[in-house]
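Data block below; observations after.
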Amino acid sequence: MKKHYWILISVAFTMLTTVSCEKDDSSSETKAVFSYIADGYKVNFTNFSSNATEYLWEFGDQTETSTLKNPTHVFPAKGQYLVTLIAKAGEISSTFIDTVLIIGPNIKIDGDFTDWEYVGYTHENAPGTGGTLLAVKTFASSGYLNFYFEGTSDFSLTVMDLYLDTDNNPETGLKSWMYPAGSGADFLCEGSVPGVWGDVYEHVGPGNDWSWNGLYSFGEVFQFSAFKTVDGKNVIEFAVKRSYLGPMSKFVNFALVESDEGWSEIGTLPVSQTPESIFAKIAL
């Protein structure tokens with residue numbers, strides 16, 4: 001009986017030793033893993049890889065790789081990106097791949113323009129060509145078309161005409177002589193930001209001539225920030241509620257025309273009245 005007892009103890013000790021050795025082996029294994037926090041287009045990656053001395057990141061957006069342990073990366077647009085981390089220890093390597101979801105910036109129309117920091121320009125007029133209008137950034141959220149406009153010191157939107165091709169079809173709506181390469185405005189937003197008045201009109205035809213039906217006031221459809229001067233430019237942000245603009249498809253095309261108090265045009269974006277003049281695009 002005692003003999004059997006000691007045999008059982010010996011077997012148990014051997015099993016415990018074997019299990020302990022297996023745990024020690026796994027703890028020294030090189031393994032890649034990461035997590036991330038997205039703030040708009042900017043993503044902070046945290047590397048939880050074990051037993052690695054070198055790292056290689058591929059961000060899935062055709063940009064340069066990184067060898068930092070915990071990189072920060074700015075993605076070019078909203079979407080899903082397959083991000084790859086390769087962790088190495090000498091000749092040993094481990095690969096971890098995860099999908100990073102970019103939903104874009106949380107734009108608030110409040111005059112704090114920092115939420116546009118990593119949004120690229122949708123369109124920039126060539127120097128000296130667009131009058132008071134210089135450049136625009138855009139972002140389409142689920143509820144709004146968001147705009148960030150930069151202009152000269154005379155940029156004030158005393159009178160503004162925002163043309164919107166919401167069905168992404170230049171053959172419907174108003175075909176403007178100012179944009180012969182492509183327009184098709186389905187909506188016209190006309191008013192004054194300093195004067196706090198304006199209306200939204202829908203094109204009714206027939207054909208592609210100047211024929212509009214008033215639908216809404218600016219107060220129902222728009223949100224405006226105050227103008228601010230940033231790096232010597234007058235800047236404003238505003239948003240248009242998408243629910244008032246009907247069905248949309250892939251892009252909304254647009255142009256902004258600014259006039260003075262006498263309704264003389266002093267700025268256009270994109271530049272108008274050239275054979276190449278065409279509406280700019282907002283990706284939805």
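Accessible surface of the stretch 64-215, 1.4 Å probe: 51 percent of it comes from carbon and sulfur atoms. Springs between alpha-carbon pairs under 10 angstrom, Gaussian network model over the chain: which of 71, 105, 127 fluctuates most? Sorting by GNM fluctuation, first place goes to 127.
Neighbours of residue 142, meaning other residues whose beta-carbon lies under 14 angstrom from its beta-carbon, give a summed charge of +3 when Lys and Arg score +1 and Asp and Glu score -1. Taking Cα atoms only, the orientation of helix 2-27 departs from the longest principal axis of the chain by about 30 degrees.
Comparing 225, 183, 66 in a Gaussian network model of the chain where C-alpha atoms under 10 Å apart are linked, the largest mean-square fluctuation is found at 66. Against the empirical curve 2.2 N^0.38 Å, the C-alpha radius of gyration of the stretch 176-282 lands at a ratio of 1.12. Here the alpha carbons of the stretch 37-168 define both size measures, Rg and Dmax, at 20.0, 67 Å.
In the context of the full protein assembly, residue 196 retains an accessible surface of approximately 120 Å², using a probe radius of 1.4 Å and ignoring ligands and nucleic acids. Extending 7 Å from Cα along the Cβ direction at residue 226 and again at residue 62 yields two label points whose distance is 4.3 nm. Model label sites at residue 31 and residue 46, defined 7 Å from Cα along the beta-carbon direction, differ in position by 1.7 nm. For residue 152, project a label point 7 Å along Cα to C-beta. Then give me every residue of the stretch 104-131 with its amide nitrogen under 12 Å of that point. Only 127-131 fall inside the zone, counting backbone N under 12 Å.
Can you check what the net charge comes to around residue 169, using other residues whose Cβ is under 14 Å from the Cβ of residue 169 (Lys, Arg +1; Asp, Glu -1)? Can you show the working numbers first?
Details: positive: 175, 250, 281; negative: 165, 167, 171, 186.
Result for the neighbourhood of residue 169: -1.
Taking every C-alpha pair closer than 8 Å and separated by at least 6 residues, the mean separation divided by the residue count of the stretch 88-240 gives a relative contact order of 20 percent. For q values of 0.12 Å⁻¹, compute log₁₀ I(q)/I(0) with the Debye formula on a Cα-only model of the stretch 86-154, without solvent. Taking Cα atoms of the stretch 86-154 as identical point scatterers yields -0.52.
Modelled spin-label separation between residue 210 and residue 118, with each label point placed 7 Å from Cα along the Cα-to-Cβ direction: 4.5 nm. If you count Lys pairs in the stretch 220-284 whose Cα atoms are under 24 Å apart, skipping same-chain pairs closer than 8 places in sequence, the total is 5. Sorting 248, 178 on solvent-accessible area from highest to lowest, probe radius 1.4 Å, gives 248, 178. Averaged per residue, the stretch 52-97 has 62 square angstrom of accessible surface, using a 1.4 angstrom probe with ligands and nucleic acids left out. Rounded to the nearest 10 square angstrom, residue 82 shows an accessible area of 110 square angstrom against a 1.4 Å probe. Largest to smallest in accessible area, the residues 67, 138 fall in the order 67, 138 (1.4 Å probe, all protein chains included). Rolling a 1.4 Å probe across all protein chains gives residue 73 an accessible area of roughly 20 Å². Accessible surface computed residue by residue for the stretch 167-239, with neighbouring protein chains in place and a 1.4 Å probe, gives 48 Å² per residue. Based on C-alpha pairs under 8 angstrom that are at least 6 apart in sequence, the chain has a relative contact order of 16 percent. Residue ranking by accessible heavy-atom surface, 1.4 Å probe, largest first, among 282, 109 comes out as 109, 282.
The values are calculated or read from the model by the stated rules, or taken from the named source; none is laboratory data. Remember, it's a predicted structure, so these values are computed and weren't measured experimentally. A quick note on method: Cβ atoms are made from the backbone with ideal geometry, for glycine too, and the neighbour counts reach across all protein chains shown. Ligands, DNA and RNA are stripped out before the accessible areas are found, and what is left, the full protein with its side chains, is counted by its heavy atoms. Shrake-Rupley method; radii C 1.70, N 1.55, O 1.52, S 1.80 Å.
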